[in-house]
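Notes for the one structure printed next.
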Amino acid sequence: MTKKLGPRKNIPERPDADRRVRQSLRIARVLHVLNLIQSRGRWNVAAIAKELDCSARTVHRDLNVLEFCGVPFYFSEEEQCYRVRSDFRFPTLMLNSEEALGQAIATAITKTPGLNIGLGAGPTTTRLASASNDEIKQTIADAMSLIEVFDLKLVDHSRHGEILKTVQLALLGANQITGVYLSPYEESPVKLTLHPYRLCLVKQAWYVIGHIDGETEAKTFRAARFKSLRQTEAMAQRPEKFDLRKHFGNAWSVYRGAVSYDVELRFDASVARTVVETNWHHTQTEKKHRDGSVTLMFTVDGLEEIQRWILGWTGDVNIVSPAELRVAIIERLRKGIDDNSK
């Protein structure tokens, strides 16, 4: 007599968003396996498992998926690795030269230290190239060898890969995150539970925007300052119409002051051409003068962050207004002189 099992109790079901994320990650991994065995390298189960940082059992499951999908691969006894039949082409979009160039540029950008917070565009570009005609394949190869992103001076996030991945998955799954944060305004690390809204790159670093559990005000947290972070099963409360520009307001960078200032800076003719080459702030306007100098004007919420930027132009800039900014810069310069005169 077969014993009937009662209903399962106290076993929480995974949210649909969480399942979709996990399914997407599995699909990405399976396609990565296909990309490897289609390449010229020698990939057996052990090598694939090491490359993907997974178990041999997982690799066998992914190979079974490829076989079920009709991918004609085989194990070469002579080379001791997997190969895909040479005439096989994985269904893909037909790219034109401009689209192929754009994909190659995206790959170059996402390989750059500080921007390589995931697999990036590399695996997709390689897969597209392997399934494209010779002209597109050559365009991608040429672009990859000739286009590089160099010396962006971004914060080193090489040790924070798991932190950033956790934030990404939590955002996609609409889950809360909890961890230990080292705030510059606290004497010791604090444990936080956050409802994340966005992950964004501002100036030189990645930041998490969200509110602390139990509060409502959105705050900005530097990703590199998390000492640990994990995703929870609790759903995050995220405003439907959150506006990132409104959150940052007219902050010079990421930390918005309570008072708004109209800043006017006059740069000498010797640096005028250089300074106007860059849009330093979204409120920036400029006025050129007959002597070759140029005045830049901004509306800034808070004066703390802009001071460091102005100090970098010392000797080539005059602070027209506000007076508070001029006084603050003079005090910083005096302190700098005192500190280096001892």
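The values are calculated or read from the model by the stated rules, or taken from the named source; none is laboratory data. Please read these numbers as outputs of a predicted model, since none were measured by experiment. Quick reminder, even Gly has a Cβ in these numbers, built from the backbone with ideal geometry, and neighbours come from all protein chains shown. Areas reflect the complete protein model, heavy atoms only, side chains present, ligands, DNA and RNA absent. Shrake-Rupley method; radii C 1.70, N 1.55, O 1.52, S 1.80 Å.
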Write down, largest first, the equivalent ellipsoid semi-axes of region 189-342 in whole Å, where each equals the square root of 5 times an eigenvalue of the alpha-carbon gyration tensor. 36, 19, 13
Which FRET efficiency value, to the nearest 0.05, is calculated for Arg326 and Asp134 with the Förster distance at 56 angstrom and r the Cβ-Cβ distance? 0.35
Two-decimal Rg/Rh across region 91-159, once Rg and the Kirkwood Rh are taken from alpha-carbon atoms: 1.03
Residues with beta-carbon under 12 Å from that of Lys203, excluding Lys203: net charge, scoring Lys, Arg +1 and Asp, Glu -1? +2
Along principal axes, largest first, the alpha-carbon spread of region 253-342 in whole Å comes out as 41, 32, 21
Obtain the radius of gyration and the Kirkwood radius of region 22-98 from its C-alpha atoms and give Rg over Rh. 0.98
Hey, with R₀ at 35 Å, roughly what FRET efficiency would Lys241 and Gln168 work out to, going by the Cβ-Cβ distance, to 0.05? 0.95
Excluding ligands, DNA and RNA, the carbon-plus-sulfur percentage of the accessible area of region 31-94 with a 1.4 Å probe reads 52
Alpha-carbon centroid distance for the pair region 85-158 / region 269-324, whole angstrom: 38
Taking every other residue with Cβ under 14 Å from the Cβ of Thr124 and scoring Lys and Arg +1, Asp and Glu -1, one gets +2
If you stretched the chain out fully between Cys200 and Ile109, how much longer would it get, using 0.36 nm times the residue separation minus the C-alpha to C-alpha distance? 31.2 nm
Given contacts defined as C-alpha pairs under 8 Å and at least six residues apart, what's the relative contact order of the chain, whole-number percent? 10
Percent RCO, i.e. relative contact order, over region 227-318, from Cα pairs under 8 Å lying at least 6 residues apart: 33
So what is the accessible area of region 198-342 per residue, in Å², with the probe set to 1.4 Å? 61
When only alpha-carbon atoms count, how far does the chain stretch along each of its three principal axes, as whole angstroms with the largest first? 85, 59, 45
What percent of all Cα-Cα pairs in region 119-271 falls into each 10 Å bin, going from 0 up to the bin containing the maximum distance? 9, 29, 27, 20, 13, 3
Would you mind telling me the share, in percent, of accessible area of region 167-311 contributed by carbon and sulfur at probe 1.4 angstrom? 47
With 0.36 nm assigned to each residue of separation and the Cα-Cα distance removed, Glu51 to Thr278 gains 77.6 nm
Estimate the FRET efficiency between Ser158 and Glu78 by the formula 1/(1 + (r/R0)^6), using the beta-carbon distance for r and 41 Å for R0, to the nearest 0.05. 0.55
According to a simple spin-label model (label point 7 Å from Cα along Cα-to-Cβ), what is the distance in nm between Lys219 and Thr285? 3.6
